[in-house]
Amino acid sequence: MHNMLTFDLEDWYHGNFLDQDEEVSPERDRVVEPTSRILQLLEKTGNKATFFVLGCVAERYPDLVKKIHQQGHEIASHGYKHRLVYKLTPEEFADDLKKSVKILKQLTNDNVVGYRAPYWSICLKMEWVWKILAQHGIEYDSSVYPFKTYLYGDNQAPRFKYELSWNNTGNITEIPPTVLNFGNKRLPFAGGFYFRLLPYRIIKWAINRTNKIDGSPVVFYLHPYEIDPKKEKNSKGFKNNFILHVNVKKAEKKLAKLLTEFQFNSIKDIQGKLS
Ligand SMILES: [Zn+2]
């Protein structure tokens, strides 16, 4: 079974809980180097992925986005600025989305049909978000984390692909990141902090279990900064430091192993009829 691989294309400071209004100078950017290593790894192992690209990163690094697209990966939207969606008004959200989609379309000459919210900051109650996404050509969303953490997530949200519809007038497909069902507990494993923290054998076991027991592909996610030990270490507080930096040095090797032992594709390719 092919699983789905996704990357949120952003720099180390976008996921760093810093003041998002702070303008970071390009000298402090790190995104190009780890992303290039990811692209090489994907090419070498014959895997394809979806890249949820942050609009402001695409503006600074248009050639990087073009290269990702030329190598056959899907370009989707991660918004323009890395803002928490539940803190935006519908107008602010629509503007942010529109701006990001426009930049990505111009760079790739391709439609943008996928969206992922910064920090998984959408929950099922926010119907206004689905409507705005559909109005701007988005066919699937991958933002509702089916596990509650101190920052995001919902333990009641379905674990696998489902349709969200409203008033018989529109719908959007939700493709959540995968969590494991174990007894009556859910366990995240398929990306980010959890991928770096858990031993590889647990990740492998969880993917196989999801494929076999649930009969479903896994939706995996990572950020370029997660394989970048050279990124700045100025996160606020012990907890954030731990979340952002634990096992970063070992992550690239772990990813290489994952990409060798499993087959991955972009969301668009696996959900073929969506495009
Ligand atoms: Zn992000």
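Can you name the residue in the range 110-127 that is open to solvent by 50 Å² or more (accessible area, probe 1.4 Å) and modelled with pLDDT under 95 and, of all such residues, is nearest to the ligand (Cβ to nearest atom)? Reasoning before the result, please.
First, the residues of the range 110-127 that are open to solvent by 50 Å² or more (accessible area, probe 1.4 Å): 110-111, 124-125, 127.
Applying the additional criterion that residues be modelled with pLDDT under 95 yields 124-125, 127.
Working: Leu124: 20, Lys125: 21, Glu127: 23 Å.
The selected residue is Leu124.
Would you be able to say whether some residue in the range 50-61 is among the small types (Gly, Ala, Ser) and away from the ligand (no atom under 16 Å from the Cβ)?
To start, the set of residues in the range 50-61 that are among the small types (Gly, Ala, Ser) comprises 55, 58.
In the following step, the residues that additionally are away from the ligand (no atom under 16 Å from the Cβ) were identified as none.
No: the range 50-61 contains no residue that is among the small types (Gly, Ala, Ser) and away from the ligand (no atom under 16 Å from the Cβ).
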Revision key, fill the gap. Leu164 passes all but one of the listed conditions (1) free of Cβ contacts under 8 Å to residues at least 24 places away in the same chain; (2) open to solvent by less than 40 Å² (accessible area, probe 1.4 Å); the exception is number (1)
Review point. Can you pull out the residues in the range 81-114 that are under 19 Å from Lys131 (Cβ atoms) and hydroxyl-bearing (Ser, Thr, Tyr)?
Key: Tyr86, Thr89, Ser100
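Would you pick out the residues in the range 207-226 that are away from the ligand (no atom under 16 Å from the Cβ) and within 29 Å of Leu54 (Cα to Cα)? Show your work before the answer.
Within the range 207-226, the first condition is being away from the ligand (no atom under 16 Å from the Cβ), and the residues that meet it are 207-218.
Hits for the range 207-226 are Ile207, Ser216, Pro217, Val218.
Based on this model, can you work out whether Asp95 counts as without any contact (Cβ under 8 Å) to a residue 60 or more places away in the chain, charged (D, E, K, R) and under 25 Å from Leu255 (Cβ atoms)? Talk me through it step by step, then tell me what you get.
Details: without any contact (Cβ under 8 Å) to a residue 60 or more places away in the chain: yes; charged (D, E, K, R): yes; under 25 Å from Leu255 (Cβ atoms): no.
For Asp95, the condition - without any contact (Cβ under 8 Å) to a residue 60 or more places away in the chain, charged (D, E, K, R) and under 25 Å from Leu255 (Cβ atoms) - is not met.
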Review point. Only one of (1) closer than 23 Å to Lys249 by Cα; (2) modelled with pLDDT under 90; (3) open to solvent by 10 Å² or more (accessible area, probe 1.4 Å); (4) not β-branched (Val, Ile, Thr) is not met by Gly15, so which one is it?
Key: (3)
Study note, to complete from the structure: Within the range 238-259, residues in contact (Cβ under 8 Å) with a residue 12 or more places away in the chain, touching a Lys or Arg at 6+ places or on another chain (Cβ under 9 Å) and in a helix (DSSP H, G or I) come out as Leu244, His245, Val248, Lys250, Ala251, Glu252, Lys254, Ala256, Lys257, Leu258, Leu259
Revision key, fill the gap. Residues of the range 175-229 being more than 17 Å from Glu261 (Cβ to Cβ), assigned to a loop (DSSP other than H, G, I, E, B) and open to solvent by less than 10 Å² (accessible area, probe 1.4 Å), in sequence order, are Ile175, Pro176, Pro177, Asp228
Exercise for review: Please verify whether the range 87-98 includes one or more residues that are open to solvent by less than 20 Å² (accessible area, probe 1.4 Å) and either within 13 Å of the ligand (Cβ to nearest atom) or not in a helix (DSSP H, G or I) (or both).
Suggested key: no
Review point. Looking at the range 218-225, is at least one residue out of contact with any His (no Cβ under 7 Å at 6 or more places or on another chain), among the hydroxyl-bearing types (Ser, Thr, Tyr), at pLDDT 95 or above and closer than 25 Å to Lys268 by Cβ?
Key: yes
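The values are calculated or read from the model by the stated rules, or taken from the named source; none is laboratory data. Keep in mind the model is a prediction, meaning the values are calculated, not measured. Heads up, the Cβs are rebuilt from the backbone with ideal geometry, glycines too, and the neighbour counts pull from every protein chain shown. Just the protein is used for accessible areas: all its heavy atoms, side chains included, with ligands, DNA and RNA removed. Shrake-Rupley method; radii C 1.70, N 1.55, O 1.52, S 1.80 Å.
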